[in-house]
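All remarks here apply to the structure that follows.
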Amino acid sequence: MFAPLPISVVIPHRKDRESWFLQNCLPQVIDNNPLEIIIEDWDGGACEKRNVGATKATQPYLMFVDDDSYLYEFALIEMLRALEANPDSTFAYSDARHVMYQGIPYPNGNGIRKAMPWNIESLKRGNYVETMSLMRREAFVGFDSTIKRFQDWDLWLTLASMGHRGVYIPKTLFELHHFDIGISASVPFEESLEAIRLKHGIQA
């Protein structure tokens, strides 16, 4: 086991995912050896839980881990090393494998969602950075809970507008298991897309 990492992991947890969370998600987070794990399991939206958890974080690095995820071995240390090797970057992100259940629709279906090297103009055209990215805690500005969908995209766009940048790790470091469509996915796609464009002054 490597030394504990100076990372606070915040997990917004839903009780209806308790079995998966305890058997798969949490053990993998523990095996990744962060110094601090903060679980927010009260009634409320994921963004609100993430924001509250972040106020409790004490470590210099911060990561939000979904309770339906499965971190691969050494995922956190790979992200940490990427940030340490790139002091001009605020967050590190990677590819992710998406696993769908019970016929739940997903644009790319089962399989790996590839990200790309950091490029602001590409980010304005569409999000390629997963919520589960490691960031420097001091740079976290909070998720905008008034936005009902694409809150992660909004966060990365906000950070980019402030001069922050990300560093891409061209590896698959975790899985996201989709057991339901989620509350945010029930919000109309075009309506959600327009809300992001209006907030960030992006032309269609």
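The values are calculated or read from the model by the stated rules, or taken from the named source; none is laboratory data. In this text the structure is predicted, and so the values were computed from the model without any measurement. Positions of Cβ are backbone-derived with ideal geometry, glycine not excepted, and every protein chain shown enters the neighbour counts.
Please specify each residue of the range 145-156 satisfying the condition of being more than 14 Å from the chain's Cα centre (by Cα) and in contact (Cβ under 8 Å) with a residue 12 or more places away in the chain. Correct list: SER145, ILE147, LYS148.
Among the residues of the range 116-130, is any among the basic types (Lys, Arg), in a helix (DSSP H, G or I) and within 17 Å of the chain's Cα centre (by Cα)?
Filtering the range 116-130 for residues among the basic types (Lys, Arg) gives 124-125.
Okay, now just the ones that are also in a helix (DSSP H, G or I), so 124-125.
From what is left, the residues that are within 17 Å of the chain's Cα centre (by Cα) are none.
Checked against the condition, which is being among the basic types (Lys, Arg), in a helix (DSSP H, G or I) and within 17 Å of the chain's Cα centre (by Cα), the range 116-130 yields no hits at all.
For the range 160-175, taking the residues that are among the hydrophobic types (A, V, I, L, M, F, W, C) and closer than 21 Å to GLY142 by Cα, the one that is surrounded by the fewest Cβ atoms within 10 Å (Cβ to Cβ) is identified as MET162. Here GLY142 does not qualify as without any contact (Cβ under 8 Å) to a residue 24 or more places away in the chain and in a loop (DSSP other than H, G, I, E, B). Does the range 27-44 contain any residue that is under 30 Å from PRO87 (Cβ atoms), touching a residue at least 40 places away in the same chain (Cβ under 8 Å) and in contact with a helix residue (DSSP H, G or I) (Cβ under 7 Å, 6 or more places away or on another chain)? Yes: the range 27-44 contains one or more residues that are under 30 Å from PRO87 (Cβ atoms), touching a residue at least 40 places away in the same chain (Cβ under 8 Å) and in contact with a helix residue (DSSP H, G or I) (Cβ under 7 Å, 6 or more places away or on another chain).
Restricting to the range 157-193, count the residues that are at pLDDT 90 or above and either closer than 16 Å to THR146 by Cβ or touching a strand residue (DSSP E or B) at 6+ places or on another chain (Cβ under 9 Å) (or both). Break it down stepwise before answering.
Of the residues in the range 157-193, the ones at pLDDT 90 or above are 157-176.
Subsequent filtering for residues that are either closer than 16 Å to THR146 by Cβ or touching a strand residue (DSSP E or B) at 6+ places or on another chain (Cβ under 9 Å) (or both) retains 157-160, 164-176.
Final tally of qualifying residues: 17.
Please work out which one of (1) within 13 Å of the chain's Cα centre (by Cα); (2) modelled with pLDDT under 95 is the condition TRP20 fails and give its number. Every listed condition holds for TRP20 apart from (1).
Could you check how many residues of the range 7-40 are of a type in the set (D, E, K, R) and either touching a Pro at 6+ places or on another chain (Cβ under 8 Å) or within 18 Å of LEU76 (Cα to Cα) (or both)? Step through it out loud before you land on a result.
Going residue by residue through the range 7-40, those that are of a type in the set (D, E, K, R) are 14-18, 31, 36, 40.
With the extra rule that they be either touching a Pro at 6+ places or on another chain (Cβ under 8 Å) or within 18 Å of LEU76 (Cα to Cα) (or both), the set shrinks to 31, 36, 40.
Selection size over the range 7-40: 3.
The residues of the range 66-90 that are in contact with a helix residue (DSSP H, G or I) (Cβ under 7 Å, 6 or more places away or on another chain) and of a type in the set (A, V, I, L, M, F, W, C) amount to a single one, LEU71.
So, in the range 45-65, of the ones that are in a loop (DSSP other than H, G, I, E, B) and in contact with a helix residue (DSSP H, G or I) (Cβ under 8 Å, 6 or more places away or on another chain), which residue ends up surrounded by the most Cβ atoms within 10 Å (Cβ to Cβ)? Within the range 45-65, the match that is surrounded by the most Cβ atoms within 10 Å (Cβ to Cβ) is VAL65.
So, in the range 68-97, of the ones that are in a helix (DSSP H, G or I) and either under 14 Å from the mean Cα position of the chain (by Cα) or among the hydrophobic types (A, V, I, L, M, F, W, C) (or both), which residue ends up surrounded by the fewest Cβ atoms within 10 Å (Cβ to Cβ)?
Going residue by residue through the range 68-97, those that are in a helix (DSSP H, G or I) are 75-85.
Keeping just the survivors that are either under 14 Å from the mean Cα position of the chain (by Cα) or among the hydrophobic types (A, V, I, L, M, F, W, C) (or both) gives 75-77, 79-80, 82-83, 85.
Values: ALA75: 25, LEU76: 26, ILE77: 17, MET79: 28, LEU80: 20, ALA82: 20, LEU83: 20, ALA85: 10.
Looking at the filtered set, the residue picked out is ALA85.
If we keep just the residues of the range 7-32 that are outside any helix (DSSP H, G or I) and not basic (Lys, Arg), which is surrounded by the most Cβ atoms within 10 Å (Cβ to Cβ)? Top of the filtered list is VAL9.
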